[in-house]
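Colleague: Shown below is the structure under consideration.
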Amino acid sequence: MPAKVLVVDDEPAIRRLLRNTLARAGYEVVEAGNARDALQQAAAEHPAAILLDLGLPDRDGLSLIPLLHAGGEVVILVVSARDAVDEKVAALDLGADDFVGKPFDTEELLARLRVALRHRGPPVEAQKVVTRGDLDIDLDRRIVRRGGVEVHLTRKEHDVLAMLVRHVGRIVTHDKLLDACWGGDEDARIEYLRIVIRNLRQKLEAPAPVGSVIANELGVGYRLRSDDAI
């Protein structure tokens, strides 16, 4: 059965573009032009994913995110022209899986959707060892190997990497990383996080990588690339 995607956008032209793009990629598509219809369609159709615009005529799209999640497990990709850093952070903190700004590239949007759907389901903690490229990450034993060779990580480096692994393919905001890895320490600063990320990149990436294993979402947070993007 093809995955069902709910497109929520008040612009008919955008809905048409997304409907055609998703249909060509093999998805079943349902649509809503406002928040009220979005909630009704989500409850009736039980989509696997929702592409959500924030600028809806009857309600701020941000307020819909927790309501849509309350109806059951669903992937939410925000697709919006409101792409300021604070908007992205707010959407991700409320539970969105990703954020794609308008205007968007349809192939990139499809790729983001595939990643989000692929990593929906059982948490990464249920896996004994997680493999990303030539990296083998054992979260329980706190052992990391690159190309079969064990890599020494500090406790904080392990903590940050584990948080990124548990949300592989998704953006983890600076605040979430600081809260999870520094335990709400008021003295924790984003500079500490940047140092840890820099050290992880030096230890985990090949000398001349084609692309960084840990991607920087400018001003928002970090993302561990999925295995097919490394």
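Colleague: Consider Val196 carefully, then state whether it is at pLDDT 90 or above, surrounded by 12 or more Cβ atoms within 10 Å (Cβ to Cβ), touching a Leu at 6+ places or on another chain (Cβ under 7 Å) and among the aliphatic types (A, V, I, L, M).
Modeller: When the stated conditions are applied, Val196 does not pass them.
Colleague: Continuing with this model, one more query. If Glu45 meets every condition in (1) crowded, with 18+ Cβ neighbours inside 10 Å; (2) farther than 19 Å from Lys102 by Cα; (3) not small (Gly, Ala, Ser) apart from one, which number is that one?
Modeller: That leaves (1) as the condition not met.
Colleague: Still on this structure, I have one more. Residues Gly148, Gly101: which one is of a type in the set (Gly, Ala, Ser) and not assigned by TED's automatic domain parsing to the domain that holds His69? If you could, list the steps in order and put the result at the bottom.
Modeller: Numbers: Gly101 fails: not assigned by TED's automatic domain parsing to the domain that holds His69.
It is Gly148.
Colleague: Restricting to region 22-62, count the residues that are out of contact with any Leu (no Cβ under 7 Å at 6 or more places or on another chain) and either under 22 Å from Arg112 (Cα atoms) or not hydrophobic (A, V, I, L, M, F, W, C) (or both).
Modeller: Adding up the residues that qualify gives 17.
Colleague: Condition first: among the β-branched types (Val, Ile, Thr), at pLDDT below 90 and open to solvent by 60 Å² or more (accessible area, probe 1.4 Å). Now tell me which residues in region 127-170 satisfy that.
Modeller: Val129, Thr131 - these are the residues of region 127-170 that are among the β-branched types (Val, Ile, Thr), at pLDDT below 90 and open to solvent by 60 Å² or more (accessible area, probe 1.4 Å).
The values are calculated or read from the model by the stated rules, or taken from the named source; none is laboratory data. Source: prediction; values computed, not measured. Virtual Cβ from ideal backbone geometry, glycine too; neighbours counted across all protein chains shown. SASA here: full protein model, heavy atoms, side chains in, ligands and nucleic acids out. Shrake-Rupley method; radii C 1.70, N 1.55, O 1.52, S 1.80 Å.
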